[in-house]
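The values are calculated or read from the model by the stated rules, or taken from the named source; none is laboratory data. The shown structure was predicted, so the numbers you read here are calculated from the model rather than taken from an experiment. Using ideal geometry, Cβ is built from the backbone for each residue, glycine included, and neighbour counts are taken over all protein chains shown.
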Amino acid sequence: MGEPRNIELAQAWDDFCETLKSAKDVVFHDNAPASAYECAAGLRMLARNIALALDIQYENADPLHPQLTHYFDWRRKQGGDNADALYLGAAIDGTQSYRISGTLGAAAFVAFTVIDDGATPWGGAAAGTVLGKDLKVDAHGRFELVLSPTPQQGNWLQTTAKTIRVTIRQFFGDWDNETPLTAHIEHIGDALPPPQLTPDTLMNGLRRSADWLVAVSRYWHDTLSLWQKRPLEFLSFRQLTNNGIDATPGGEPFLAYWSLQQGEALIIRVRPPQQASFWNFEFGNWWMETMDYRHRLTGTNHHHAVLEDDGELILVVSQDDPLVPNWLDASGYSAGYLVCRWMGADSAPQPTMQCVRRDGLFAQLPPSVRRIDAEGRRQQLAVRSRGIARRFAGF
């Protein structure tokens with residue numbers, strides 16, 4: 001193999017591949033869906049996230065040379081990703097100082113969060129948050145935000161010695177018209193150029209990346225398994241787990257485990273808050289990834305949802321189209337997660353979920369329940385496709 005270190009490099013690659021092979025255990029676990037279709041989706045989820053693991057644990061892991069990178073999109077999904085969202089983040093060192101600058105954009109909800117090290121593969125709980133609506137911006141929407149352990153003039157987000165990451169969340173209500181922010185992060189202070197590639201940095205990066213992918217996959221499997229024990233029930237994270245988690249600030253989500261057999265449908269009912277800056281329902285499969293939200297109806301929000309005359313929201317989960325406006329397309333999956341979040345709201349109502357026979361669906365709904373025709377459905381799907389192309393145009 002030439003140089004002696006090449007033996008170590010070859011072994012590091014073999015170890016990387018072996019660890020990735022072990023990640024398949026979550027796909028074929030006893031409590032996971034067993035159909036070939038759903039197992040194929042599970043393996044696809046793992047394959048898609050190899051690149052994310054390498055990005056977070058190797059390519060973009062240097063806190064002295066951070067780069068904002070996007071986590072999830074319509075191809076790369078995990079951890080209950082949100083079809084209404086765009087996530088950006090970078091590795092940082094909480095003892096150092098950073099500047100994020102850019103133009104705020106027009107998303108319905110924006111939050112900058114610094115995350116401390118912790119029990120989950122992503123880290124622990126948030127150390128601090130600044131909401132986009134609270135940022136001081138100029139007449140053109142431009143802003144600067146300093147991240148540092150000591151107070152600063154202007155927009156400032158305090159870090160701690162345990163801080164390891166900054167995350168920017170953007171939630172979009174009107175997919176056609178709300179635009180993403182543009183931003184750049186820089187380390188404040190003298191820093192040499194990034195070190196060049198070495199055998200050790202590559203070997204360590206491969207090891208961390210493979211270990212991270214396995215840990216993340218097992219973490220979300222174990223998390224959804226807690227809700228699986230209480231199916232069709234919306235529960236907050238604090239009701240079932242004590243793990244500190246980097247959750248969206250400003251409103252605790254309710255998560256539910258859903259399952260659907262042949263010939264069944266699910267009805268979700270709730271009266272949304274009278275006032276809220278943002279709310280949505282996020283719908284996904286057992287592997288904690290959204291369905292194909294470019295081409296299917298896999299969620300709704302405060303802008304797109306159609307309420308009944310009395311203000312009630314009624315959603316239907318089924319494999320075929322029931323021609324109601326708020327349909328969640330199960331997309332061939334038999335089980336998964338459903339998240340409801342109310343942001344900046346004056347109340348936090350807990351939705352209900354009921355399993356009914358598909359052929360008896362409308363007997364369980366109000367006679368006046370709203371309907372939609374084929375043209376209305378086509379228009380809904382067209383809005384989604386345009387919105388996703390717009391949101392991810394830069395990625």
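Taking only region 186-236 into account, find how many residues are loosely packed, with under 13 Cβ neighbours inside 10 Å, touching a Ser or Thr at 6+ places or on another chain (Cβ under 8 Å) and over 30 Å from Asp15 (Cβ atoms).
Final tally of qualifying residues: 1.
Looking only at residues in region 267-286 that are among the aromatic types (Phe, Trp, Tyr) and within 19 Å of Cys355 (Cα to Cα), which one is farthest from the chain's Cα centre (by Cα)?
Trp286
Provide a single number: the residues in region 97-144 that are closer than 22 Å to Ala61 by Cβ, hydrophobic (A, V, I, L, M, F, W, C) and either in contact with a Pro (Cβ under 8 Å, 6 or more places away or on another chain) or without any contact (Cβ under 8 Å) to a residue 60 or more places away in the chain (or both).
4
Please determine, by comparing only the residues of region 336-385 that are of a type in the set (Ser, Thr, Tyr) and either farther than 19 Å from Phe281 by Cα or part of a loop (DSSP other than H, G, I, E, B) (or both), which one is modelled with the lowest pLDDT.
Restricting to residues being of a type in the set (Ser, Thr, Tyr) and either farther than 19 Å from Phe281 by Cα or part of a loop (DSSP other than H, G, I, E, B) (or both), the top hit is Ser347.
Could you tell me which of the residues Ala276, Ala256 is assigned to a loop (DSSP other than H, G, I, E, B), touching a Phe, Trp or Tyr at 6+ places or on another chain (Cβ under 8 Å) and in contact (Cβ under 8 Å) with a residue 60 or more places away in the chain?
Of Ala276, Ala256, the one residue that is assigned to a loop (DSSP other than H, G, I, E, B), touching a Phe, Trp or Tyr at 6+ places or on another chain (Cβ under 8 Å) and in contact (Cβ under 8 Å) with a residue 60 or more places away in the chain is Ala276.
Report those strands (runs of 3 or more DSSP E) wholly inside region 67-130 carrying at least 2 residues which are closer than 24 Å to Asn49 by Cα. Break it down stepwise before answering.
Values: elements: 85-91, 97-103, 109-116.
Answer list for region 67-130: 85-91, 109-116.
In region 279-333, how many residues are closer than 18 Å to Lys77 by Cα, out of contact with any strand residue (DSSP E or B) (no Cβ under 7 Å at 6 or more places or on another chain) and either not in a loop (DSSP other than H, G, I, E, B) or not hydroxyl-bearing (Ser, Thr, Tyr) (or both)?
7
What's the total number of residues in region 41-54 that are surrounded by fewer than 19 Cβ atoms within 10 Å (Cβ to Cβ) and either under 17 Å from Arg218 (Cα atoms) or not aliphatic (A, V, I, L, M) (or both)?
Number of matching residues: 5.
Any residue in region 189-203 that is under 27 Å from Met343 (Cβ atoms), modelled with pLDDT of 95 or more and either touching a Phe, Trp or Tyr at 6+ places or on another chain (Cβ under 8 Å) or of a type in the set (S, T, N, Q) (or both)? Spell out the reasoning first.
Step one: list which residues in region 189-203 are under 27 Å from Met343 (Cβ atoms), which gives none.
Checking region 189-203: not a single residue is under 27 Å from Met343 (Cβ atoms), modelled with pLDDT of 95 or more and either touching a Phe, Trp or Tyr at 6+ places or on another chain (Cβ under 8 Å) or of a type in the set (S, T, N, Q) (or both).
I'd like the full set of residues that are of a type outside the set (Lys, Arg) and not in a helix (DSSP H, G or I), limited to region 207-244.
Passing the criteria: Pro231, Leu232, Glu233, Phe234, Leu235, Ser236, Thr241, Asn242, Asn243, Gly244.
Is it true that Thr300 is touching a residue at least 24 places away in the same chain (Cβ under 8 Å), over 15 Å from Phe234 (Cβ atoms) and among the β-branched types (Val, Ile, Thr)?
yes
Looking for whichever is of a type outside the set (Val, Ile, Thr), in contact (Cβ under 8 Å) with a residue 40 or more places away in the chain and within 19 Å of Trp122 (Cα to Cα) here; the options are Arg238, Arg271, Arg207. Which one fits?
Arg207
So which residues in region 298-313 are over 16 Å from Cys340 (Cβ atoms) and in contact with a Phe, Trp or Tyr (Cβ under 8 Å, 6 or more places away or on another chain), if there are any at all?
Of everything in region 298-313, nothing turns out to be over 16 Å from Cys340 (Cβ atoms) and in contact with a Phe, Trp or Tyr (Cβ under 8 Å, 6 or more places away or on another chain).
Take the residues of region 66-100 that are closer than 22 Å to Phe172 by Cβ and polar (S, T, N, Q): which is modelled with the highest pLDDT?
The qualifying residue modelled with the highest pLDDT is Asn82.
In region 345-395, which residues are aliphatic (A, V, I, L, M), farther than 17 Å from Val316 by Cα and either surrounded by 12 or more Cβ atoms within 10 Å (Cβ to Cβ) or touching a strand residue (DSSP E or B) at 6+ places or on another chain (Cβ under 6 Å) (or both)?
Listed by number, the residues that qualify are Ala345, Ala348, Val383, Ile388, Ala389.
Each row is one residue, and each column tells you yes or no for (1) touching a His at 6+ places or on another chain (Cβ under 7 Å); (2) farther than 25 Å from Gln228 by Cα; (3) among the charged types (D, E, K, R); (4) free of Cβ contacts under 8 Å to residues at least 40 places away in the same chain.
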residue: Asp346; (1), (2), (3), (4): no, yes, yes, no
residue: Gln354; (1), (2), (3), (4): no, no, no, no
residue: Arg377; (1), (2), (3), (4): no, yes, yes, no
residue: Ile388; (1), (2), (3), (4): no, yes, no, no
